[in-house]
Amino acid sequence: MSDRPITTIVIAGGGTAGWMAAATFGRFLEQGYRIRLVESEEIGTVGVGEATIPQIRLFNQALGLDEDAFLRATGGTFKLGISFDGWREPGHSYMHAFGDVGRDVGLIAFQHYWLRASKLGIAKPLVAYALNEVAGRAGRMHRGGPLTAATIPAMPYAFHFDAGLYAAYLRRFAVNRGVERTEGRIAEVERDGESGDVAALVLASGERIAGDLFLDCTGFRGLLIEGALETGYEDWTRWLPCDRAVAVPSANVGSPLPYTRAIAREAGWQWRIPLQHRTGNGHVYCSAFIDQDAATATLLANIEGEPQADPRHLRFTTGRRKLAWNRNVVAMGLASGFLEPLESTSIHLIQSAIARLVKLLPALPIADAVRAEYNRQTDFEIERIRDFLILHYWANGRSEPFWQVCRSMALPDTLQAKIALWQQAGTITREHEELFTEDGWLQVLAGQGVEARAHHPLADQIGAEDLAEYLETLELLYRREANAMPMHGDYIAQHYAAKR
């Protein structure tokens, strides 16, 4: 047994962020740590984020969760990508599908061959060369190795699930591994008079929860990071102007699609997320161009199935805390900032924050260099995700006033450089540990009509007939593979159906 003093980590708030952190600490911080989580059943959670990206599988696997049991417990379905409907223009649709687009040949990326073939008139839209989109559009799903050819890669996938059920699932996991849960409303955040650090949470009952390191998972309120420490907030609405959302669940109609839908509307966009037991719907909009009643009416007029609850309204400001880690408080989830759920990054940002904190887990007292590195990595990640989201708004072809304003916005320098590189050379680069891959950027740039005026000269070394045959072979391989897969709804019903 170590004689090192016990380090107490206090998590303020439950929900998805709090219980993801608690489950991780309960799983990996076995000796020398006491993990306490404070939450109040009186305080609801936002809980509208139900779509994820493939990295969530790494999180679940690290915890040792059984994927089949997880899907049953959360009403989960599979997700192969996101369909963007009407962003380029009404009636147009493209997909940001997970996984590779085409196959690289030699030293250069696939898009250079596709760009050359497009100019020659022998290329089809990118959907033909992305297995996840071919399968997704056909409503099919398969988990595991390829069915028809060993050279075809396995499809990466993520999930749609009920975020409230996921938090409850992780809560049971965490409590079974020694995490102490305290029910109560936080009435006061007590600070150390000498250091300025947070010393304890004082509950409405009078109970005092002391700790060494605090995680703020209290949502938009940021009771610790902002309410107590007054960290400050960086507003990004000049780039991401939507500031409201209305959400409502509805009854399922037909078989669930294996992808999320993001449907452009007059002054924002609508999400449609199929679960086993319901469909999640929401309308993210800009209040400067449409009022709450009209936004709600737009959503209700465009859902499938009967509403299962009253519409729920949210207000937010896109941006981030000026410091994600300030003194001895680390903000996670909505307490750390907010990027709208356009690319399903909310839960991933929680996951990456937890991984970053575990990697940089400090000894006491906390070193300034540790805080600085955590904040540097956090800033880099969220800024690059921000740029990717901005691209969707800027590269639109719609006529409504909201969309015209988005098209004329001044872009961050980092995004402007990425767009210029694509337009002038057909090249996309991924810097350090950016979340979105070159293929992700390719699908949005090409899908929304941002044209590249050139391609890499090495793409010209393949003859036109060989290039056409190569592309046709890829298309046929992926179409045959998708046709061999079961329908998504049948696949769920047979293997992962949730208990009612």
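The values are calculated or read from the model by the stated rules, or taken from the named source; none is laboratory data. Bear in mind the structure is a predicted one, so any value in this text is a computation, not a measurement. Please note: Cβ atoms are built from the backbone with ideal geometry, for glycine as well, and neighbour counts cover all protein chains shown.
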Item to check | Unique residue being farther than 30 Å from VAL10 by Cβ and without any contact (Cβ under 8 Å) to a residue 24 or more places away in the chain when the list is ALA301, ALA309, ALA295 | outcome: ALA301
Checklist entry - Which condition breaks for PHE173 when tested against (1) in contact with a Lys or Arg (Cβ under 7 Å, 6 or more places away or on another chain); (2) under 15 Å from GLY18 (Cβ atoms)? => result (1)
Item to check | Positions within the range 446-463 being of a type in the set (S, T, N, Q) and either more than 15 Å from TRP114 (Cα to Cα) or assigned to a loop (DSSP other than H, G, I, E, B) (or both), in sequence order | outcome: GLN448
Checklist entry - Can you tell me which of ARG376, ARG453, ARG356, ARG371 is loosely packed, with under 15 Cβ neighbours inside 10 Å, basic (Lys, Arg) and within 30 Å of ASP212 (Cα to Cα)? => result ARG376
Next on the checklist: Can you say whether GLU41 is surrounded by fewer than 17 Cβ atoms within 10 Å (Cβ to Cβ) and touching a strand residue (DSSP E or B) at 6+ places or on another chain (Cβ under 9 Å), as far as the supplied structure shows?
Outcome noted: yes
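Here is a yes/no grid of residues against (1) modelled with pLDDT under 95; (2) touching a strand residue (DSSP E or B) at 6+ places or on another chain (Cβ under 8 Å):
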| site | (1), (2) |
| --- | --- |
| TRP19 | no, yes |
| ALA22 | no, yes |
| TYR33 | no, yes |
| THR45 | yes, no |
| LEU58 | no, no |
Next on the checklist: Criterion first (polar (S, T, N, Q) and free of Cβ contacts under 8 Å to residues at least 24 places away in the same chain) does SER83 satisfy it?
Outcome noted: no
Item to check | Scope the range 157-173; condition under 14 Å from LYS79 (Cβ atoms) and more than 16 Å from the chain's Cα centre (by Cα); matching residues | outcome: none
Item to check | Boolean, ASP66 is within 27 Å of TYR470 (Cβ to Cβ) and charged (D, E, K, R) | outcome: no
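Answer yes if at least one residue in the range 409-419 is under 20 Å from the mean Cα position of the chain (by Cα) and acidic (Asp, Glu), and no otherwise.
Checking the range 409-419: not a single residue is under 20 Å from the mean Cα position of the chain (by Cα) and acidic (Asp, Glu).
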Checklist entry - Conditions: (1) closer than 16 Å to ILE152 by Cα; (2) buried (at least 18 other Cβ atoms within 10 Å of the Cβ); (3) among the acidic types (Asp, Glu). ASP104 meets all but one. Number of the miss? => result (2)
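Of all residues in the range 357-388, count the ones that are among the aliphatic types (A, V, I, L, M) and part of a loop (DSSP other than H, G, I, E, B). Before you say what the answer is, go through the steps one by one.
Here is the first cut: in the range 357-388, the ones among the aliphatic types (A, V, I, L, M) are 357-358, 360-361, 363-364, 366-367, 369-370, 372, 382, 385.
After this cut, where a residue has to be part of a loop (DSSP other than H, G, I, E, B) as well, the list is 360-361, 363-364, 366-367.
Final tally of qualifying residues: 6.
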Checklist entry - Only one residue in GLU234, GLU226 is touching an Asp or Glu at 6+ places or on another chain (Cβ under 9 Å), touching a residue at least 40 places away in the same chain (Cβ under 8 Å) and of a type in the set (Asp, Glu), so which one is that? => result GLU226
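This table checks each residue for (1) outside any loop (DSSP other than H, G, I, E, B); (2) of a type in the set (Val, Ile, Thr).
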site: VAL405; (1), (2): yes, yes
site: ALA410; (1), (2): no, no
site: ILE419; (1), (2): yes, yes
site: GLN423; (1), (2): yes, no
site: THR429; (1), (2): no, yes
site: GLU433; (1), (2): no, no
site: GLY440; (1), (2): yes, no
site: VAL444; (1), (2): yes, yes
site: LEU467; (1), (2): yes, no
Checklist outcome for this item: The condition of being without any contact (Cβ under 8 Å) to a residue 12 or more places away in the chain and either in contact with a Ser or Thr (Cβ under 8 Å, 6 or more places away or on another chain) or over 24 Å from HIS96 (Cβ atoms) (or both) holds, among GLY463, GLY489, only for GLY463
